[in-house]
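Data block below; observations after.
The values are calculated or read from the model by the stated rules, or taken from the named source; none is laboratory data. Here the structure is a predicted model, which means the values were calculated and not measured. Ideal geometry is used to build each Cβ from the backbone, glycine not excepted, and the neighbour counts take in all protein chains shown. Side chains included, ligands, DNA and RNA excluded: accessible areas come from the protein's heavy atoms. Shrake-Rupley method; radii C 1.70, N 1.55, O 1.52, S 1.80 Å.
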Amino acid sequence: MLRFYFNLAGKRNVDDPCGLAFENEVQAFRAAERLAEELARTHPLLRGTTSVVVTCKDRDEVYYISV
């Protein structure tokens, strides 16, 4: 399993020190989409100013999902 880190970047910056294990990038990307949707619902001030940034230290890939 690969370990993915879910950081917030933008108006509010938060680093994920532990990460979560997923089978593949698609599962991690979908989890990041759910996180962004939840943040948009529960913290409306973050909408349009913050992104969920998904990284995997084993790979040179970064995904940005807007809140």
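Annotation note: trypsin sites (Lys or Arg not before Pro) in the chain located in DSSP loop regions with a Cβ neighbour count of at most 11 within 10 Å are Lys57, Arg59.
Could you work out how far helix 25-42 tilts from the main Cα principal axis of the chain, as a 0 to 90 degree angle to the nearest 10? So the inclination is approximately 20 degrees. Quick check on the chain: take the gyration tensor over C-alpha atoms, sort the square-rooted eigenvalues as a ≥ b ≥ c, and tell me if it's rounded (a/c under 1.5), prolate or oblate. Cα axes put the chain in the prolate bin. The portion of the accessible surface of the chain made up by carbon and sulfur, rounded to a whole percent, is 50 (1.4 Å probe; DNA, RNA and ligands excluded).
Note the full-extension length gain between Met1 and Asp60 as 0.36 nm times their separation in residues minus their Cα-Cα distance, in nm to one decimal.
Going from the current span to full extension adds 19.6 nm.
Taking 0.36 nm per residue of sequence separation and removing the Cα-Cα distance, the Glu37/Asp16 pair yields an extension gain of 5.8 nm.
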